[in-house]
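First up is the structure itself, then whatever we jot down about it.
The values are calculated or read from the model by the stated rules, or taken from the named source; none is laboratory data. Just so it is clear, the structure is predicted and the values come from calculations on it, not from any experiment. Here the Cβ positions follow ideal geometry from the backbone for every residue, glycine too, while neighbour counts run over all protein chains shown.
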Amino acid sequence: MKELRVLKPGIVIVDRREEKSAVPSLLIKHGLSVRFDVLEVGDYALPGDILIERKTVNDFISSILDGRLFDQALNLSKASNNPTFIIEGDIKNGLMHFENVNAFWGALASLTYDFKQIVFFTNSPEETATLINVISKRKRGKEEDVWVKPRKKKATLNELQILVLTSIPGVGLTTAKRLLKNLGSLREVFNAEPNVLSTAGKIPAEKSLKIYELINAKYKED
């Protein structure tokens, strides 16, 4: 059963995992009314069907590496008409410890163009709170919104197949769909030679070779 609430301007629903963050207390200083709840999707829910996922730069990079990012983006898109990411921190410093810089920018491009996410960058919790405050006070047609608590929706088989492929660095949503459409299954994708990957996914030979090497590399325990 859907949990309906009235979400008035000036109220922000904050996931309890954010309680240790400095952002909620800063939002209160901005004059916003903060209500803590357990959100299955997102960290901040605002009037106007805006759902925000806040990530530090390091967490964003980690989510690229472990494949969580696009799963979260998919859930956010299903739960809100205005799915939003706020990436907080020093990007330059974060990228110094990240070998594949192109994967970082590729993930951002995929979030924006493939998953239709709104992406903001802030340097600190103070800037994040200021941004959320500004977003929450944008003029809207209604004085209040009926808020449905966002919940994770079960992914379809197609979505799960796409998520598996988009967890591979260099494979965005469009490429994943091409590979599955032209090769038919994950098994065929994983068994494909580099030239087949390149043709089926319409990707450069160098990138298809890297994908092939990653899929076929032997696991070495640290």
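One line per residue, one yes/no per condition, for (1) outside the structural domain of residue 41 (by TED's automatic domain parsing); (2) at pLDDT 80 or above; (3) over 27 Å from residue 9 (Cβ atoms):
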site: 100; (1), (2), (3): no, no, yes
site: 112; (1), (2), (3): no, yes, yes
site: 131; (1), (2), (3): no, yes, no
site: 142; (1), (2), (3): no, no, no
site: 170; (1), (2), (3): yes, no, yes
site: 174; (1), (2), (3): yes, yes, yes
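Meeting the requirement of 2 or more residues that are surrounded by 18 or more Cβ atoms within 10 Å (Cβ to Cβ) and of a type outside the set (D, E, K, R), the helices (runs of 4 or more DSSP H) wholly within segment 153-195 are 157-166, 173-183. Where strands (runs of 3 or more DSSP E) sit wholly within segment 2-110, those with at least 1 residues that are among the β-branched types (Val, Ile, Thr) and touching a Phe, Trp or Tyr at 6+ places or on another chain (Cβ under 8 Å) occupy 4-7, 11-15, 50-56, 82-88. Within segment 69-88, not a single residue is assigned by TED's automatic domain parsing to the domain that holds residue 16, without any contact (Cβ under 8 Å) to a residue 12 or more places away in the chain and closer than 19 Å to residue 163 by Cβ.
State yes or no: is residue 104 surrounded by 21 or more Cβ atoms within 10 Å (Cβ to Cβ) and under 21 Å from residue 171 (Cα atoms)? Judged against the criteria, residue 104 is not a match.
Within segment 40-59, can you find the residues that are within 22 Å of residue 160 (Cα to Cα), crowded, with 21+ Cβ neighbours inside 10 Å and touching a residue at least 40 places away in the same chain (Cβ under 8 Å)? Across segment 40-59, the qualifying residues are 41, 42. If you go through segment 51-101 and pick out every residue that is under 10 Å from the mean Cα position of the chain (by Cα) and over 21 Å from residue 172 (Cα atoms), you end up with 2. Criterion first (β-branched (Val, Ile, Thr) and surrounded by fewer than 20 Cβ atoms within 10 Å (Cβ to Cβ)) does residue 11 satisfy it? The answer is yes for residue 11.
Report yes if some residue within segment 105-127 is among the small types (Gly, Ala, Ser) and farther than 19 Å from residue 164 by Cα; otherwise report no. Checking segment 105-127: at least one residue is among the small types (Gly, Ala, Ser) and farther than 19 Å from residue 164 by Cα.
Residues are listed down the side, and each one gets a yes or a no for (1) touching a helix residue (DSSP H, G or I) at 6+ places or on another chain (Cβ under 7 Å); (2) of a type in the set (S, T, N, Q):
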site: 17; (1), (2): no, no
site: 22; (1), (2): yes, no
site: 34; (1), (2): yes, no
site: 40; (1), (2): no, no
site: 60; (1), (2): no, no
site: 63; (1), (2): yes, yes
